[in-house]
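Read the figures in this text as sums done on the coordinates, not as results from a lab. Being a predicted model, the structure only gives us computed values, none of them experimental.
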Amino acid sequence: MYSMRYGYFICLINAPRRLLLERITENSGILDGKPVIRERWIPVAQVIGRLADGFSYHDLMQAHPDMTSEDIRACLAYAYFRITDQLPHDLFSHRSKSVE
């Protein structure tokens, strides 16, 4: 019984993270299909790397004026789901993966 409630609790926590993933796209015409923020040329890996280097949200948004704090959170959510093997398999199925 406890594990069922615990699993439900985890689903509730992950719901906002999953919504953030909508900001991440993969497109074979952009950086060879690497995950980027909103079809822009800002790779998720670069954002995560900059955060690991000690950059703040403010620093990142100054360097990329069109970036929002939600974009940065989306990169963190993407990394979380990749590390925990919970990345939805259908994440990019409803979006174009190539430039035509």
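Odds and ends about this structure:
- Extension gain, residue 38 back to residue 66 (0.36 nm per residue minus Cα-Cα distance, nm): 9.0 nm
- Remark: the residue 82-residue 53 segment gains 8.4 nm on full extension, using 0.36 nm per residue and subtracting the alpha carbon distance.
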